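Read the figures in this text as sums done on the coordinates, not as results from a lab. Small disclaimer: the values here were computed from a predicted structure and weren't measured. As a convention, Cβ positions derive from the backbone with ideal geometry for all residues, glycine included, and neighbour counts pool all protein chains shown.
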Amino acid sequence: MKTTETTHYDLIVIGGGASGLIAAGRAGERGLRVLLLEKNNRLGEKLRISGGGRCNITNAQENERELLKHYGEAEQSLYSLFAQFGVKDTFSFFESQGLPLVIEAHHRAFPQSQSAEDVVKTLEIYMRMGNVTIKTNSPVTHILTQDNLIIAVHCGDKKYTATDFLLATGGVSHPKTGSTGDGFAWLQSLGHTIQKPTPTVVPLAVKEQWVKELAGVSLSSVKITFYVDEKKQFHLTGNILCTHFGLSGPLILNHAYKVANIFPTGTVTATIDLYPQNDLGSLERTIISVFDAHKNKVLKNIIKEFVPEGTYKGIALLLAQHVDIETKVHSVSKEDRKKIVQLLKALPVTITKLMGFDKAVVADGGVPLTEIDMRTMRSKKIPNLFITGDLLHINRPSGGYSLQLCWTTGYVAANHAGKK
């Protein structure tokens, strides 16, 4: 008969993502005997792909009140936590670990090396310095409770006991990285309420091929207007990233919830204005001057002269559906010229769906904050359990807000672990 391995720790951290890594490292730094259990064969899978592989570590908004407004209804609940470990502390932490940060547009902070791998390595070194025991390929299969406390966890035939436990298994965005909602099921079995998750920060899928032809191209300083059954709903101005399935980039991701709200009410379409700073008249004058300079050329060969850099392929495909782009420029009719101007001011897009959890940057859902002591991250239902990161039901946009929440909740929980 196989014997069961039993080892006792001060703290067992379940989940090797952002909040779990910093929590395990901090608890180890405090002298606690810590075990980190991760089901994947390596740590930080979601961290490695965050920020397009560059890792948007935090949002460097100096005014903490302004920063916390981005967390919606959770704002008031987060003041105590951020007073203990906020954005400045995140900067100090990573820089003290030898990973300097740089601030880019919209207060987004990245490692100076522009490498998410370096963030994971930094946290691994931090844990090693605190003598944290790390076990990968170790999915938790069972949680044992007694007298309203967790007393042990099983990883197959191995059993680990501890005084305190910290659940940091992440939510349900990017399930390929291991975020498959396991923690939600455990928390529910332990008596916690779970708000059903929805992918809140997601790209949009579109029907039009011209957009897909521009995969990887960013449309800068454009205006996108959304319609339901041809009735105007709202508009956004900024940069849009074209992908092989549709539209993405922070502007789209952070306002996807607005599209989700109108989606059930009818057919959702949009128009993209490439030149919001120009009215129809001034844009037409610009195109006339381009035409005058290239009268004897074929129209398709001069499209690059009046569309943003990198957009020729998709725009040419779209224009060809409305005008004959094989025509010599001097033969383009006034009506066709006006069609070109109108298209550049209102590129047509049909939204077919919001992408799901596999493409979601952030998904909400999880434990309501009313069931957690928001000064310590300790569960109000299981006194020796701490809950961190994406397991919390908190809405937030992309741009460093999610990872900051992980650093804050993980660090604070580790500071309170091992205390009665």
Spacing of the two label points (7 Å from each Cα toward its C-beta) at HIS330 and ILE288, in nm: 1.9 nm
GluC sites (Glu not before Pro) within region 210-311: DSSP coil, no more than 16 neighbouring Cβ in 10 Å: GLU230, GLU309
Amide hydrogen neighbours beyond the local backbone of THR58, cut-off 5 Å, H modeled: ALA109
Cβ-Cβ FRET estimate between ARG375 and ARG48, R0 fixed at 41 Å, reported to 0.05: 0.85
Coil-residue chymotrypsin sites (Phe, Trp or Tyr not before Pro) of region 180-243, DSSP, other Cβ within 10 Å capped at 13: none
Dipole moment magnitude, nearest 20 debye, the chain about Cα centre, only Lys, Arg, Asp, Glu C-beta charged: 340 debye
Gyration tensor over alpha-carbon atoms, the chain, equivalent ellipsoid semi-axes in Å: 50, 20, 19
Distance-filtered residues of region 106-147 - backbone nitrogen under 11 Å, label point 7 angstrom along ASN239 Cα→Cβ: 106
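Hydropathy at least 0.0 by Kyte-Doolittle, axial extent at least 18 angstrom from the Cα trace: which helices of the chain, defined as entire DSSP H runs, fit?
Long hydrophobic helices here: 116-129, 280-293, 401-416.
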Zone of HIS106's modelled label, taken as backbone nitrogen in region 221-238 under 13 Å from a point 7 Å along Cα→Cβ: 221-222, 236-238
Top positive-direction residue, dipole computed over the chain with Cβ charges, set SER282, PHE82, HIS244: HIS244
Full-stretch length increase - THR136, GLN188 - with 0.36 nm per residue and alpha-carbon distance subtracted: 16.3 nm
Within region 203-355: Cβ-based charge dipole about Cα centre, in debye rounded to nearest 20 (Lys, Arg +1; Asp, Glu -1): 0 debye
Region 69-117: GluC sites (Glu not before Pro) falling in loop per DSSP and having at most 15 other Cβ within 10 Å: GLU104
Helix-derived mean residue ellipticity, 222 nm - over the chain, DSSP H n ≥ 4, -39500 (n - 2.57), to 500: -8500 deg cm²/dmol
